[in-house]
Amino acid sequence: MSNPEIRSTTEADLASITAIYAQAVRFGTATFELVPPDLAEMTRRYHALLDGGFPYLVAVLDGRVAGYAYAGPYRPRPAYRFTVENSVYLDPAAHRRGIGLKLLQRLIAECEARGFRQMIAVIGDSANAGSIGLHRRCGFGMIGTHPNVGLKFGRWLDTVMMQRALGKAETTVPAD
């Protein structure tokens, strides 16, 4: 297996990202979206994150985008400005190859470098053992489960909440 290149996303990557996400929306429970957003919407979301100073990464394997990860605002109120929510999505052919781990490790480092202090994972479907295990491996702890909050594919789904401190976390107050 080749070692993936982890780098910042460019607009040229967005068609591949849109296809990966569409697969997750149509067939998976990691996201509770029901209709895959088109390229224009994914491009709008990408620019909103970049404009907000958040990292957006891709994993490239054998010349193709194999997955992506980004951090965004956890909540809109200003008191949450040092807390981010992360997302990691992989092409189905890239599962169980260590690519998600490399993406999440780099995303954590990028968020720490930007001064963020906490990272929250909101994992769709409590049966998503792969994502829960990935986050545990990266130092996230379980903070709770919201049972039966999403309805997709004719069944109720939980969301699992996990959290990880970044950098100096709660030991210091960052300068604004």
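Residue pairs whose Cβ atoms lie under 7 Å apart, separated by 6 or more positions or on different chains, with the first residue in the range 121-150 and farther than 19 Å from T83 by Cβ and free of Cβ contacts under 8 Å to residues at least 40 places away in the same chain and the second outside any helix (DSSP H, G or I) and among the charged types (D, E, K, R), are S126/D158; T145/D158; P147/D158; N148/D158; V149/D158.
For I17, state whether it is farther than 21 Å from A127 by Cβ, surrounded by 15 or more Cβ atoms within 10 Å (Cβ to Cβ) and in contact with a Leu (Cβ under 7 Å, 6 or more places away or on another chain). Give the steps one after another, and end with the answer.
Values: farther than 21 Å from A127 by Cβ: yes; surrounded by 15 or more Cβ atoms within 10 Å (Cβ to Cβ): yes; in contact with a Leu (Cβ under 7 Å, 6 or more places away or on another chain): no.
No.
Here R75 does not qualify as touching a residue at least 12 places away in the same chain (Cβ under 8 Å) and touching a strand residue (DSSP E or B) at 6+ places or on another chain (Cβ under 9 Å). Restricting attention to the range 1-49, the residues being touching a residue at least 60 places away in the same chain (Cβ under 8 Å) and aromatic (F, W, Y) number 2. Is it true that some residue in the range 72-86 is on the phi < 0 side of the Ramachandran plot, crowded, with 20+ Cβ neighbours inside 10 Å, within 17 Å of the chain's Cα centre (by Cα) and of a type in the set (S, T, Y)? The answer is no; no qualifying residue exists.
For the range 74-96, the set of residues classified as charged (D, E, K, R) and either part of a strand (DSSP E or B) or under 24 Å from P36 (Cβ atoms) (or both) consists of E85, D91, R96, listed by residue number. Taken together, V173, V122 contain a single residue that is over 19 Å from P55 (Cα atoms) and either more than 15 Å from the chain's Cα centre (by Cα) or not hydroxyl-bearing (S, T, Y) (or both), which is V173.
For beta carbons closer than 8 Å, sequence separation of 6+ or different chains, a first residue in the range 96-120 that is surrounded by fewer than 18 Cβ atoms within 10 Å (Cβ to Cβ) and a second that is in a helix (DSSP H, G or I), the qualifying pairs are R96/G130; L101/L134; L101/R137. Out of V65, V58, V35, one residue alone is hydrophobic (A, V, I, L, M, F, W, C) and either under 24 Å from R117 (Cβ atoms) or surrounded by fewer than 20 Cβ atoms within 10 Å (Cβ to Cβ) (or both). It is V35. Under the condition of being touching a Lys or Arg at 6+ places or on another chain (Cβ under 7 Å) and surrounded by 16 or more Cβ atoms within 10 Å (Cβ to Cβ), the residues counted in the range 121-176 number 4. For the range 4-14, a residue qualifies if it is charged (D, E, K, R) and surrounded by 16 or more Cβ atoms within 10 Å (Cβ to Cβ), and exactly one does: D13. For the range 154-176, the candidate set comprises residues that are modelled with pLDDT of 95 or more and of a type in the set (S, T, N, Q); within that set, the residue that is nearest to T31 (Cα to Cα) is T159.
Residues considered: D62, D91, D13. Of these, the only one that is out of contact with any strand residue (DSSP E or B) (no Cβ under 6 Å at 6 or more places or on another chain) and of a type in the set (D, E) is D62.
The values are calculated or read from the model by the stated rules, or taken from the named source; none is laboratory data. These numbers were taken from a predicted model, which means no experiment stands behind them. Positions of Cβ are generated from backbone atoms using ideal geometry, with glycine treated the same way; all protein chains shown enter the neighbour counts.
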